[in-house]
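Take a look at the structure set out below.
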Amino acid sequence: MRPLYNKTYTILRSTVTRANLQKKFSGRSVTGERTRLLNETTLTGRLLYYLNDKKNEQGDQENINANKLLGKMKKQAFVDLGQYDIKQINCIFNMLRDRHFLNNKFQTLKLLQNLDHEYMHRLNEMDPEQIFDVLNSYMAAIPNRIIQYIFYKESMNKLLGIKETLNKEQIIKLIFFIGLNKKHVKVHDILRSLLNLLGEKDIQTLSVEDICIICQATFKTGTKVYNKVFLDKIVQYLNDNLFLLKDPALFIALIKTVRQNRCQTEDLLATISCTMFFNKTLQYYSFAALSHILAVYSDYLYYDENLLDAITEKSIRILKEYHFTSRHKYFLENPRIKDIKTLLWSLSNLNYKGLQADDIKDVIIPIIMKRYAAGECRDDNMSLLEIISHLWMLNYHAYELIDIVLTKENVQKIRATSLQNKHKLNQLLSCIFFEDRPLFQKLNIHPQCEDYEQKFQLEKRPLLTKVMKNLESASCSNEITKFELGCQIPGLNILGITGYKKNIYKAVNIEVLDEYTVLKNTEDKPTGPMQLKLRLLNGAEEGLIVIPAKDVEDYTDEELREYLGDEIDLVC
């Protein structure tokens with residue numbers, strides 16, 4: 001396979017620069033349909049270049065012969081392709097990359113169908129390398145349609161049937177092509193089985209391109225990777241090859257898999273942060289890339305204020321420079337609604353305070369509204385609802401979006417989708433109830449409370465359990481008679497403790513800042529959801545006690561009971 005970089009360079013050959021960030025990355029397939037360009041400006045195009053280690057360039061005479069045959073196929077209803085060898089058939093197919101050889105879409109589709117049937121007849125005679133050569137031709141001509149053709153489906157079945165006989169390079173190629181069929185019902189099991197064919201020695205000798213092919217296939221198909229050796233290899237490669245941060249395409253491919261499989265470490269994230277600042281690599285990243293980078297930190301609840309400041313500043317600058325024309329024209333730096341949603345989720349989850357309300361109002365919201373008006377997310381109310389929730393967590397009320405999403409008809413549709421979506425809706429409605437009662441009354445939509453299983457969260461929060469046990473035996477000079485563990489805010493599933501007077505009247509809420517509710521790399525800074533909960537409870541009538549984890553750890557049971565009793569007496 002051809003490597004994507006020369007060892008004499010410190011960065012990969014296709015590094016994205018500020019100049020080529022502005023290039024258009026969409027084009028037309030040979031059938032005239034809009035599709036992503038598969039050249040060196042896209043990751044898939046670069047990986048195809050790497051995989052296609054046999055040159056497909058034909059000589060002049062071969063091109064002349066193929067051109068004649070193509071002309072004959074265009075004019076005649078039937079041409080016996082059986083009299084031509086596979087090399088000549090491939091030559092014809094490769095010429096189809098040039099749309100000028102064909103007159104219209106229907107003629108093209110007919111020719112492709114004829115070639116597809118011919119390849120099918122020859123499939124049993126082909127070895128794996130010949131199959132991959134043909135698949136490369138399909139990708140060059142019709143990347144957006146390849147999985148619809150019979151040869152693709154049957155060739156995948158044949159290769160999977162002999163997968164144990166394939167060498168490492170062929171397994172990598174097969175993973176690439178299997179990853180194109182994102183909706184195949186067994187794609188997760190197939191990809192895992194192929195990855196498991198690679199032994200530890202094979203994995204240790206994978207190139208960065210090989211790693212990216214596996215990462216791209218598993219991420220696009222939503223496949224969780226259970227191969228610890230491979231996940232460790234990704235983390236090791238990132239730590240050992242920090243020049244990769246200057247190549248956004250490959251870097252983002254790796255960190256998306258790191259995030260998807262939750263294999264971040266504090267050392268890795270700290271190293272990435274330092275490298276980005278020291279080597280000034282932020283200049284290479286598009287808006288989408290910035291959102292992916294920040295999401296890796298947010299998923300791990302790792303707070304780096306300098307990085308947050310830098311990414312937020314650059315993201316807002318990109319949005320200010322962005323002029324919307326059409327959502328159908330794809331440019332690498334064009335921020336989509338889903339990219340904006342990812343950025344807002346990361347900032348809100350990390351409890352970041354540096355995003356200005358004016359930037360939300362004057363920059364972010366108008367872009368979302370324009371793209372929505374152009375048809376983006378028109379049938380995806382959940383994405384807009386999540387954006388509203390993220391902004392609410394950041395203490396911004398996006399009334400423009402609320403009017404679009406929170407209609408009775410849309411809410412009914414959301415409630416009919418999944419429990420997770422119902423949970424997100426309930427959380428937003430609870431926030432509105434606590435912080436904007438007039439809006440809540442105007443909407444007249446109430447949260448539908450769901451039972452929450454406490455067991456799994458309590459297993460991760462031993463300090464909260466310790467506080468609860470000591471509260472039950474603490475002596476207070478007030479009238480509190482009962483303590484109860486539960487989620488005080490419907491839909492915001494963070495457990496806390498509520499104290500009741502006379503067993504029925506809420507008097508105090510007690511929260512513990514532990515590993516579950518505090519950001520890493522900080523001293524007791526709450527996560528975004530925890531900060532939201534504290535804000536809502538602080539506005540309630542009951543008293544609020546917030547206990548740092550260190551206090552719970554340092555106190556003996558007797559000292560903790562005395563401390564709790566004093567705090568409760570103070571607020572009640």
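The values are calculated or read from the model by the stated rules, or taken from the named source; none is laboratory data. Treat the numbers as computed from the prediction; the structure is a model and nothing was measured. Every residue, glycine as well, gets a Cβ built from its backbone with ideal geometry; the counts of neighbours run over all protein chains shown.
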Do we find a residue being touching a helix residue (DSSP H, G or I) at 6+ places or on another chain (Cβ under 9 Å) and farther than 30 Å from Asp299 by Cα anywhere in segment 513-523?
no
Looking only at segment 530-540, how many residues end up being surrounded by fewer than 17 Cβ atoms within 10 Å (Cβ to Cβ) and without any contact (Cβ under 8 Å) to a residue 24 or more places away in the chain?
1
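Yes/no per residue for (1) assigned to a helix (DSSP H, G or I); (2) more than 31 Å from the chain's Cα centre (by Cα); (3) in contact (Cβ under 8 Å) with a residue 60 or more places away in the chain:
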residue: Leu109; (1), (2), (3): yes, yes, yes
residue: Asp116; (1), (2), (3): yes, yes, no
residue: Asn124; (1), (2), (3): yes, yes, no
residue: Asn136; (1), (2), (3): yes, no, yes
residue: Met139; (1), (2), (3): yes, no, yes
residue: Lys153; (1), (2), (3): yes, no, no
residue: Asn181; (1), (2), (3): no, no, no
residue: His184; (1), (2), (3): no, no, no
residue: His188; (1), (2), (3): yes, no, no
Among the residues of segment 542-566, count how many are free of Cβ contacts under 8 Å to residues at least 12 places away in the same chain and outside any helix (DSSP H, G or I).
2
Checking Lys442 against (1) at pLDDT below 95; (2) surrounded by fewer than 18 Cβ atoms within 10 Å (Cβ to Cβ), the condition it does not meet:
(1)
Counting only residues that are hydroxyl-bearing (Ser, Thr, Tyr) and touching a Pro at 6+ places or on another chain (Cβ under 8 Å), which one in segment 278-314 is surrounded by the fewest Cβ atoms within 10 Å (Cβ to Cβ)?
Ser286
State whether the residues of segment 80-97 include one that is at pLDDT below 85 and among the acidic types (Asp, Glu).
yes
Check on Thr527, within 25 Å of Tyr297 (Cα to Cα), touching a residue at least 60 places away in the same chain (Cβ under 8 Å) and either over 37 Å from the mean Cα position of the chain (by Cα) or surrounded by fewer than 19 Cβ atoms within 10 Å (Cβ to Cβ) (or both):
no
When segment 384-438 is examined, which residues are found to be small (Gly, Ala, Ser) and either closer than 23 Å to Ala373 by Cβ or without any contact (Cβ under 8 Å) to a residue 40 or more places away in the chain (or both)?
Ser389, Ala398, Ala416, Ser418
Determine whether segment 553-560 contains at least one residue that is out of contact with any Asp or Glu (no Cβ under 6 Å at 6 or more places or on another chain), under 12 Å from Val508 (Cα atoms) and surrounded by 18 or more Cβ atoms within 10 Å (Cβ to Cβ).
no
Here is a check on your reading of the model: is Thr481 outside any helix (DSSP H, G or I), farther than 23 Å from Tyr516 by Cβ and within 29 Å of the chain's Cα centre (by Cα)?
no
Yes/no for Tyr516 being farther than 14 Å from Ser430 by Cβ, of a type in the set (Ser, Thr, Tyr) and under 31 Å from the mean Cα position of the chain (by Cα):
yes
I'd like to check something: does segment 201-214 contain any residue that is acidic (Asp, Glu) and over 23 Å from the mean Cα position of the chain (by Cα)?
yes
Looking at the structure I just gave you, is Tyr372 without any contact (Cβ under 8 Å) to a residue 60 or more places away in the chain, surrounded by fewer than 18 Cβ atoms within 10 Å (Cβ to Cβ), of a type in the set (Phe, Trp, Tyr) and out of contact with any strand residue (DSSP E or B) (no Cβ under 9 Å at 6 or more places or on another chain)?
no
Residues satisfying the stated conditions in segment 360-391, i.e. of a type in the set (S, T, N, Q) and within 20 Å of Ser298 (Cα to Cα)
Ser383, Ser389
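For (1) touching a Phe, Trp or Tyr at 6+ places or on another chain (Cβ under 6 Å); (2) among the hydrophobic types (A, V, I, L, M, F, W, C); (3) under 17 Å from Tyr50 (Cα atoms), each residue gets a yes or a no:
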residue: Lys105; (1), (2), (3): no, no, no
residue: Ile142; (1), (2), (3): no, yes, no
residue: Ile146; (1), (2), (3): yes, yes, no
residue: Lys168; (1), (2), (3): no, no, yes
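Quick grid of which residues meet (1) surrounded by 13 or more Cβ atoms within 10 Å (Cβ to Cβ); (2) touching a helix residue (DSSP H, G or I) at 6+ places or on another chain (Cβ under 6 Å); (3) more than 22 Å from Ile162 (Cα to Cα):
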position	(1), (2), (3)
Lys183	no, no, yes
Arg192	yes, no, no
Asp202	yes, yes, no
Ser207	yes, no, yes
Gln216	yes, yes, yes
Asn227	yes, yes, no
Residue count for segment 506-523, restricted to those that are part of a loop (DSSP other than H, G, I, E, B) and at pLDDT below 95
1
Residues satisfying the stated conditions in segment 247-293, i.e. out of contact with any helix residue (DSSP H, G or I) (no Cβ under 6 Å at 6 or more places or on another chain), of a type in the set (Lys, Arg) and either under 19 Å from Cys215 (Cα atoms) or not in a loop (DSSP other than H, G, I, E, B) (or both)
Arg262
Against the definition (in contact with a Cys (Cβ under 6 Å, 6 or more places away or on another chain), surrounded by 14 or more Cβ atoms within 10 Å (Cβ to Cβ) and in contact (Cβ under 8 Å) with a residue 40 or more places away in the chain), how does Asn470 come out, yes or no?
no
Residues of segment 314-360 satisfying the condition of being of a type in the set (Phe, Trp, Tyr) and at pLDDT below 90
Tyr322, Phe324, Tyr330, Phe331
